[in-house]
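In what follows, a structure is listed as structure tokens, so that the remarks can point back to it.
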Amino acid sequence: MKARVTVMPKKSVLDPQGVAVRDAIAHHGFPQISMVRIGKVMEIEIDEAGPDAEARLHEICADLLSNPVIEDYVLQIEG
Amino acid sequence: MKAAVIRFPGSNCDQDCHYALQRVFGISTDYVWHKDSSLKGYDLVVLPGGFSYGDYLRCGAIARFSPIMKAVTDYANAGGLLIGICNGFQVLTESRLLPGALVRNRSLHFICEHRFLRVGATDNPFLNLAQPGQVLNIPIAHGEGNYTADQATLEELNANRQILVRYCDAKGTVSEAANPNGSLNNIAGICNAGRNVFGLMPHPERACEARLGSEDGNVIFQSILKYLKN
């Protein structure tokens, strides 16, 4: 079983990296880009996934892979 | 009276904390390795600064799952005095022992310099010898010290007098210009509702002798000593 976890800063949290990259893009000649937000993607492989694998992955996403105070995550199961 | 300084792989202010506690204040201090599981017999526990686990994933996120953190959490929940400095503050927020989170500095720069802090609430074990409004000169050294929390948390922190230090200028004015990292309301350090857990980004242990440029960190250690002696 494979899974992909995308973690993004919450909309309400300022993402200074995103702002810096947006400004760099503007200096690069593309000032129409108004927003960049930077997150993380994690690829996960699971051996012998049991029936509770997805639920346990959600638990790990909320508990370790993201910090719910500042981030949101999306879990995609890739078969 | 006994203190413990927790060592994670990547802690690098552990010796500074040990020096301040033992050499400057004469408190018998042990290092406790992150794989240990007991904090029995300690009156004060310090989570020092550094880059625990290389700051992988998020600062403090992996340290939270160290074996010793179960003992740290039990110790704090039982009312034990716990102070987290810099990376230690990040570990405390990741562990949910303190509310909010610390994110990348607004400027994206790692900032290492002396800063002025305005003392807020003093009705706690960590600042009972300080005066409200007193200005302390204590260095910061961090890349992720930008304190953030939602509005409800901020209101709760204010209502419960949990904001212990804010970044200010030399005269004690808390302003945007005196905010080094973008922290919400210039917050530099907070305590929990139980007032026994204190997290702060500045390093009081680096301001414990005149030859370090400031002795203003001492009021924190002296306050803790006074509290423990009573």
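Each reported figure results from applying straightforward, stated rules to the coordinates on display, with no laboratory input. Keep in mind that this is a model prediction, so the values were computed, not measured. Please note: Cβ atoms are built from the backbone with ideal geometry, for glycine as well, and neighbour counts cover all protein chains shown.
General observations
- Restricted to segment B:1-24, and to residues there that are among the polar types (S, T, N, Q) and within 19 Å of residue B:89 (Cβ to Cβ), the residue that is surrounded by the fewest Cβ atoms within 10 Å (Cβ to Cβ) is B:15.
- Considering residues of segment B:100-112 that are surrounded by fewer than 20 Cβ atoms within 10 Å (Cβ to Cβ) and touching a residue at least 60 places away in the same chain (Cβ under 8 Å) only, the residue nearest to the other protein chains (Cβ to nearest Cβ): B:106
- Test: residue in segment B:25-41 that is surrounded by 24 or more Cβ atoms within 10 Å (Cβ to Cβ) and in contact with a helix residue (DSSP H, G or I) (Cβ under 6 Å, 6 or more places away or on another chain): no
- Here segment A:29-46 is the region considered, the condition is being over 25 Å from residue B:147 (Cα atoms) and within 14 Å of another protein chain (Cβ to nearest Cβ), and the residue that is farthest from the chain's Cα centre (by Cα) is A:44.
- The sole residue among A:49, A:62, A:26 that is within 13 Å of chain B (Cβ to nearest Cβ), without any contact (Cβ under 8 Å) to a residue 60 or more places away in the chain and not polar (S, T, N, Q) is A:62.
- Restricting segment B:202-230 to residues that are part of a loop (DSSP other than H, G, I, E, B) and of a type outside the set (A, V, I, L, M, F, W, C), the residue that is nearest to residue B:46 (Cα to Cα) is B:203.
- Check on residue B:92, outside any strand (DSSP E or B) and touching a strand residue (DSSP E or B) at 6+ places or on another chain (Cβ under 6 Å): yes
- Residue match in segment B:56-69 (condition: in contact with a strand residue (DSSP E or B) (Cβ under 6 Å, 6 or more places away or on another chain), within 30 Å of residue A:8 (Cα to Cα) and of a type in the set (S, T, N, Q)): no
- Considering B:133, B:120, B:80, B:88, the condition of being within 30 Å of residue A:64 (Cβ to Cβ) and either surrounded by fewer than 24 Cβ atoms within 10 Å (Cβ to Cβ) or more than 13 Å from the chain's Cα centre (by Cα) (or both) is satisfied by B:80 alone.
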